[in-house]
Amino acid sequence: MNREELVKVIGEEKLVFVTRLKDASKAQTVIQSLVSGGAKVMEITSNTPNYAHEISKARKSYPDVLIGAGTVVNKAIAAEAINAGAQFLVTPNCNVELIDLAHKNEIPILMGALTPTEICEAWEAGADFVKLFPADIMGITYFTSIKAPLDHIKLMAVGGIKLNEVKDWMTSGADGIGIASVVSEPISIKADYQMIEDNASQFVTEIAKYK
């Protein structure tokens, strides 16, 4: 798929799952659990050990799922992720230099931003989506205040969003959400993987109400 097609999928799914782990040996099982739960778009963060290798493996195992790279804070990480086959990039920070690199490789970028200035800079520089981060700390009131004058910007909410809060974010105008909580807890026993699948399924079911 080209960048336009990838942007369309992300925009239609409205839900990005974040895989951030300290133990890379659990990455593929976590990814499998998310896919079994209905995940169609997910990122593997660069501070997950061997993340580039895990991206490559996931691309081969799940051709019908978009696999991106998260926590892409600089050009070196971006280049490594792209070489590994990442289908989109996600940043926690506003680094507009990464936009051209992503677009030259025909992939979207979801750029992290917090203030109105950062949000506008990211969008005007060509970010495909702007990621309000951390959304939970700033809250719905801040988001709605930002979205009112900036309703032309594709703004996703990421960070600490719980299942019972999805409705509030989506009805407040979010173009999508990012979810890490279902995979952020330590994975120690097999039952935890079922929990990840079940939680993912609940988020997928909830977000479907806003498609």
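The values are calculated or read from the model by the stated rules, or taken from the named source; none is laboratory data. For clarity, every value in this text was computed on a predicted model and none was experimentally measured. Neighbour counts are summed over all protein chains in view; Cβ atoms, including those assigned to glycine, are modelled from backbone coordinates with ideal geometry.
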Output the residues belonging to the stretch 169-193 that are at pLDDT 65 or above, outside any loop (DSSP other than H, G, I, E, B) and farther than 22 Å from Gly68 by Cα.
Trp169, Met170, Thr171, Asp192
Among (1) β-branched (Val, Ile, Thr); (2) part of a helix (DSSP H, G or I); (3) surrounded by 18 or more Cβ atoms within 10 Å (Cβ to Cβ), the one test that Ile107 misses:
(2)
Of the residues in the stretch 88-141, those that are of a type in the set (Gly, Ala, Ser) and closer than 14 Å to Lys154 by Cα come to Gly112, Ala113, Ala122, Ala125, Gly126, Ala127
For the stretch 193-211, pairs from a residue that is in contact (Cβ under 8 Å) with a residue 60 or more places away in the chain to a residue that is among the charged types (D, E, K, R) and crowded, with 18+ Cβ neighbours inside 10 Å, with Cβ under 6 Å and 6 or more apart or across chains, are Ile207/Lys14
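For the condition surrounded by fewer than 16 Cβ atoms within 10 Å (Cβ to Cβ), under 19 Å from Ile196 (Cβ atoms), in contact with an Asp or Glu (Cβ under 7 Å, 6 or more places away or on another chain) and not hydrophobic (A, V, I, L, M, F, W, C), what is the one hit in Ser25, Ser61, Ser36?
Within the list Ser25, Ser61, Ser36, the selection yields Ser36.
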Number of the condition not met by Leu150 [criteria: (1) part of a helix (DSSP H, G or I); (2) modelled with pLDDT of 95 or more]
(1)
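Can you tell me which residue within the stretch 155-164, out of those that are surrounded by fewer than 19 Cβ atoms within 10 Å (Cβ to Cβ) and touching a residue at least 12 places away in the same chain (Cβ under 8 Å), is nearest to Ala125 (Cα to Cα)? Give the steps one after another, and end with the answer.
Taking the stretch 155-164 and keeping what is surrounded by fewer than 19 Cβ atoms within 10 Å (Cβ to Cβ), we get 160, 162-164.
Subsequent filtering for residues that are touching a residue at least 12 places away in the same chain (Cβ under 8 Å) retains 160, 162-163.
Numbers: Gly160: 27, Lys162: 31, Leu163: 32 Å.
It comes out as Gly160.
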